[in-house]
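Here's the structure, in structure tokens; my notes come after.
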Amino acid sequence: MRPSVRSGDALRRAAAALLLAALLCLGGAAAALRPVSAQDLGEGIGITHLGWRDVAFGGATLTRLTGLVVNERLVPVGQVEIAARFRAADGSPVLRIGTTIADLPELAPGEASPFTILVGPLASSAVGHVDVTLGVRPADGRRYRALQVEDVITRTVGGAPALFGWLRNVGDAYASASNTNIIAGFWDARGLRETHAATMPIVYQPGTLVGQGHAPDMRYPWFLRLPDEPWTKLEFWVVAKRYADGLWPVPLGVVDLARDDQGGRVTFAGRLVHCGQRPVTEFALVSSAAAAAGGVLTFTLNVVTPQRPIVPGDDVPIRVTWPGLDPTIPVDRVVHLPLSFDVQSLPPRAMPCTRAERPAMSLLPWLGRGAMRAPAVGPRVDPRRADH
């Protein structure tokens, strides 16, 4: 297998050329790039662990190309774009073309990011040479590197093995949850086999910093299914972006949580408190249950729309019914974390709130207090029947 690498500034190319779908079925008479060797790469973006192998999908055999792009410059760079031309041999006609972007949106000097390109139908045995062209976007400086994967455990979900864990903010800044992801890389003797993205209880709002927030020391649950094929090493990469300067999430909290089962269903009663600056009209409620040893047992996500806005200083009742939760789990191992979709212009006094507080000076209209509608029954994300 012989890879070739070329590099070019993304600004000098039409953006659409590298924003094509990751699976392209071009072949035959496609124009060939003159390959150059990796040591001729002159713009400071390297590539390592490049390899390809078969993968079955929908009854067809595809070729999956994996590797790492490395920032060899002395300054951060933005997301790296990758285009690959698959050939039977160096200089032979192009069999397939695939494009993608690296998983990490920004790379510090010396940092590497995985990438994957899938093309087909094409058997990897037909590929003897791959030309790789790289481009790089400017860095925006907002990537947040203080989210840390912790307490990873393996459990069975629906008869299949899966990983569960926490993602904790070990830094002192706030990160935007709607820009967060965990990438797991599975390695074997041949190199990087494949990557999987974790399932997290997040309402994603791509391209914006508005949304739920990772406060300092806050923990988020996550899980991902393990590959069917054997692997020998596991590596994690975390994608996160800090809030823009002058913006912070509006803080809420659930306090005085107690069990209040009704009709044989596991139900929690507590109080939702607001200690931020702005009214909240909708929020995500992340509910998580921990195992006795501290690892993630299960989690769920609901979007809650109150009957009226929750305003700063409010203290209102909330009830949460959790279908399928083991009723023997103690209440002190359950957390209901409310995360507003709104932002405010001052840092939160606490997140989550531990009590209701109003701003020192507020011009907000008095919107009143009142009961709120319970979350809709049924989770959006629920690793059901997890062994514990």
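The values are calculated or read from the model by the stated rules, or taken from the named source; none is laboratory data. What you see is a predicted model, and the numbers here were worked out from it, not measured in a lab. In this analysis, Cβ positions are derived from the backbone assuming ideal geometry, glycine residues included, and neighbour counts consider all displayed protein chains.
Considering Ala289, Ala293, Ala284, the condition of being among the small types (Gly, Ala, Ser), part of a loop (DSSP other than H, G, I, E, B) and not assigned by TED's automatic domain parsing to the domain that holds Trp222 is satisfied by Ala293 alone.
Among the residues that make up region 39-50, is at least one of them in contact with a His (Cβ under 9 Å, 6 or more places away or on another chain), closer than 25 Å to Glu194 by Cα and at pLDDT 90 or above? No: region 39-50 contains no residue that is in contact with a His (Cβ under 9 Å, 6 or more places away or on another chain), closer than 25 Å to Glu194 by Cα and at pLDDT 90 or above. Report the residue count in region 142-159 for those that are buried (at least 19 other Cβ atoms within 10 Å of the Cβ) and in a loop (DSSP other than H, G, I, E, B). Residues flagged as buried (at least 19 other Cβ atoms within 10 Å of the Cβ) and in a loop (DSSP other than H, G, I, E, B) within region 142-159 amount to 1. Any residue at all in region 290-312 that's buried (at least 18 other Cβ atoms within 10 Å of the Cβ), closer than 20 Å to Pro249 by Cβ and polar (S, T, N, Q)? Checked against the condition, which is being buried (at least 18 other Cβ atoms within 10 Å of the Cβ), closer than 20 Å to Pro249 by Cβ and polar (S, T, N, Q), region 290-312 yields at least one hit. Being outside the structural domain of Arg190 (by TED's automatic domain parsing), of a type in the set (Asp, Glu) and surrounded by fewer than 16 Cβ atoms within 10 Å (Cβ to Cβ) is a description that does not apply to Asp103. Among the residues of region 5-26, is there at least one that is at pLDDT below 50, touching a strand residue (DSSP E or B) at 6+ places or on another chain (Cβ under 6 Å), loosely packed, with under 15 Cβ neighbours inside 10 Å and assigned to a strand (DSSP E or B)? For region 5-26, residues at pLDDT below 50, touching a strand residue (DSSP E or B) at 6+ places or on another chain (Cβ under 6 Å), loosely packed, with under 15 Cβ neighbours inside 10 Å and assigned to a strand (DSSP E or B): absent. The set of residues from region 48-94 being crowded, with 22+ Cβ neighbours inside 10 Å and touching a helix residue (DSSP H, G or I) at 6+ places or on another chain (Cβ under 7 Å) comprises Trp52, Thr63, Glu81, Ala83.
Considered as a group, the residues in region 234-255 that are in a strand (DSSP E or B) and over 19 Å from the mean Cα position of the chain (by Cα) include one that is farthest from Asn179 (Cα to Cα), and that residue is Val255. Restricting attention to region 160-190 and to residues that are in contact (Cβ under 8 Å) with a residue 60 or more places away in the chain and small (Gly, Ala, Ser), the residue that is surrounded by the fewest Cβ atoms within 10 Å (Cβ to Cβ) turns out to be Ala160.
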